Amino acid sequence: MNTVHSKPIERQVFNLLRFTFIIIPIVAGIDKFTNILTHWDQYISPTLSSMLPISVSMFMMIVGVIEIVAGIIVIKKPEIGGYIVAAWLTAIALSLILSFKFVDVAVRDLVMAISAFSMARLSKALS
């Protein structure tokens, strides 16, 4: 592979992934407060919701704050933020798989987690 020609491509791919993992977590996080895109409470497994010391809606708002913070970290430190987003998406996917609800969403989240991980790796390679 000719590294002289691959750097601009790597930079373009990195920038596209970075933009994605800034916007998507922040938008999803904000939507935890508005429920415009979807009603997020439906994604909590009954087992988990029964163990929560707070309402499911309040829990989802906390999740929203975490997602917003993750998006902001990607802005400032994409390598670290990428790993955080990848871990977060993997945890969500595992939760969905364990409850065997919304398995299609779980698969999508795992693909996004791989993409976030790839962005973090590219960040390191390009620095």
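Every read-out reported here was derived from the displayed coordinates using simple, explicitly stated rules and does not represent laboratory data. For clarity, every value in this text was computed on a predicted model and none was experimentally measured. As a convention, Cβ positions derive from the backbone with ideal geometry for all residues, glycine included, and neighbour counts pool all protein chains shown.
Any idea how far the Cα center of the stretch 95-124 sits from the one of the stretch 42-66, in Å?
19
Throw me the Rg/Rh for the chain, computed over C-alpha atoms with Kirkwood Rh, two decimals.
1.05
Can you tell me the orientation of helix 103-126 relative to the chain, as the angle in degrees between its alpha-carbon axis and the longest Cα principal axis, to the nearest 10?
30
Provide the per-residue ³J(HN,Hα) series for the stretch 75-88, in order, calculated from phi with Karplus coefficients 6.51, -1.76, 1.60 and θ = phi - 60°, each as a whole number of Hz, with x at glycine and proline positions.
Karplus-based 3J(HN,Hα) across the stretch 75-88 equals 4, 7, 9, x, 5, 5, x, x, 5, 5, 5, 4, 5, 4 Hz.
State, as an integer percentage, the relative contact order of the stretch 1-105 based on alpha-carbon contacts under 8 Å between residues 6 or more apart.
This gives 31 percent for the stretch 1-105.
For the chain, what is the mean residue ellipticity at 222 nm derived from helices alone (per DSSP H run of n ≥ 4: -39500 (n - 2.57); sum divided by total residues; nearest 500 deg cm²/dmol)?
Estimated from H runs of four or more residues: -28500 deg cm²/dmol.
On a straight-distance basis, which lysines could pair with Lys77 in a cross-link, Cα separation under 30 angstrom, same-chain partners fewer than 8 positions away excluded?
Within the straight-line cut-off, Lys77 pairs with Lys7, Lys32, Lys124.
Working from Cα positions, state the angle (0 to 90°, nearest 10) between the long axis of helix 3-34 and the longest principal axis of the chain.
That works out to roughly 20 degrees.
Students often check this: by mean Cβ neighbours within 10 Å, which of 37-49, 115-127, 76-88 ranks highest, and how do the rest follow?
Peptide ranking by packing, descending: 76-88, 115-127, 37-49.
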